[in-house]
Structure formats: C-alpha cells, structure tokens
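Asker: Mind having a look at this structure? Questions to follow.
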Amino acid sequence: MTFRQELVERAKGRGARILLPEGGDPRVQAAARRLESEGILEPILIGPGGIDPARDPRVSQVAQHLRERRPDRVHDAIHAIDLASDPLRFAAALVALGEADGCVAGATHTTADVLRAALWAIGPEPSETPRPATLPFHGVPLNRLPTSMRGSVSRTRYTCHSLAFP
C-alpha cells in the first residue's frame, strides 16, 4: 500500500467535515465531488456554489469570534461582519469554533493569505517551548512571507487540522 493510499484509508470513515473556502473554483468543486463520492470526507464548499458567508446564520458568531481574537484590529461590529464575510476568515473561524474539522485552501489564494486567516481565527498551537513550523509551505521561502509572520513561523508550530491523522 502506498503512503497516499494509507492516508486515504485512515481518513475514510472518520466523517471529517472539511471546509473548502474556494468553492467557486472548478478544481475545488471537482475535488469535493471526488472526496465525497469516494467516502473520504464530507467537503463543505464556501463561496459560489456553496455556503455564502454573508448570508449564513453563523456569520455573527464568526464576527464575534474574530472580534474577540483581535480586538485591536476590528473597529466595530460592522467591520467584524465584513471580516467574517470573507470566505477564508469565515472557514478558519468555523474550524476554531468546532463547526468543522479542518479547512483546505490555496487554489486561488496565496499561502500568505491562507496563513493570515488561520493565524487570525485559530492562532498558533499553545506551546511551552518553541518548535519549528509544521505547516506545508509548498516551496514558499520564509523570506517571501510577510515580515509579521516570519518570526511566528520560525518559532511556533501550527496545527494543520485537515492533515492530522492520529
């Protein structure tokens, strides 16, 4: 059995709910259909063809979560709703709130955008000692990430819920 086959077998039957915040991309839609038809996980599309964050009843809960996580960056309730309506932030916050098991993005957004959303909504894994980063950066050198993220990435381990199979 190949490594990939082993991962797929371990993922099947867990009933994992994975958010795909780039639901308008045909590649993401095709992947979601395949993942669902093969019983690997329950994909949840966000964006065109899926959940519209601005109209979802959980948007106020997401807005409140984002506001609590970064009160220095959220000006008021209207700004919080605007931020929560962004598919990446919405998806990351739903993971943080336990509404989904993970989020996979990066088909149409940059790695930096995906990491920013995850850091804002979920944050780094609490740790007593600094550890190297464990998120896949898909070949993006650290010097290409925003300066504000470089230090965090080199000192902290981030949890990648969608790829964690105990």
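The values are calculated or read from the model by the stated rules, or taken from the named source; none is laboratory data. From a predicted model like this one, the values you see are computed outputs, not experimental measurements. Please note: Cβ atoms are built from the backbone with ideal geometry, for glycine as well, and neighbour counts cover all protein chains shown.
Asker: Among the residues of region 81-136 satisfying the criterion of being within 26 Å of residue 26 (Cβ to Cβ) and of a type in the set (Lys, Arg), which is modelled with the lowest pLDDT?
Answerer: Among those that are within 26 Å of residue 26 (Cβ to Cβ) and of a type in the set (Lys, Arg), it is 116.
Asker: Okay, moving on. Can you pull out every residue in region 63-91 that is free of Cβ contacts under 8 Å to residues at least 40 places away in the same chain and of a type in the set (A, V, I, L, M, F, W, C)?
Answerer: 63, 74, 77, 78, 80, 81, 83, 84
Asker: Just one of the numbered conditions (1) assigned to a helix (DSSP H, G or I); (2) touching a strand residue (DSSP E or B) at 6+ places or on another chain (Cβ under 7 Å); (3) buried (at least 19 other Cβ atoms within 10 Å of the Cβ) is not true of residue 65; which one?
Answerer: The single condition residue 65 does not satisfy is (2).
Asker: Could you list, in sequence order, the residues of region 1-17 that are part of a helix (DSSP H, G or I), surrounded by 10 or more Cβ atoms within 10 Å (Cβ to Cβ) and free of Cβ contacts under 8 Å to residues at least 60 places away in the same chain?
Answerer: Selection gives 6, 8, 9.
Asker: Okay, next question. (1) surrounded by fewer than 21 Cβ atoms within 10 Å (Cβ to Cβ); (2) modelled with pLDDT under 95; (3) not in a helix (DSSP H, G or I): which one isn't true of residue 56, the others all being true?
Answerer: Here residue 56 meets the rest and fails (2).
Asker: OK, next. How many of the residues in region 72-108 are surrounded by fewer than 18 Cβ atoms within 10 Å (Cβ to Cβ) and over 10 Å from the mean Cα position of the chain (by Cα)?
Answerer: Adding up the residues that qualify gives 14.
Asker: Under the condition of being in contact (Cβ under 8 Å) with a residue 12 or more places away in the chain, in contact with a Pro (Cβ under 8 Å, 6 or more places away or on another chain) and outside any loop (DSSP other than H, G, I, E, B), which residue from region 20-53 is farthest from residue 105 (Cα to Cα)?
Answerer: Only one residue fits best here, namely 35.
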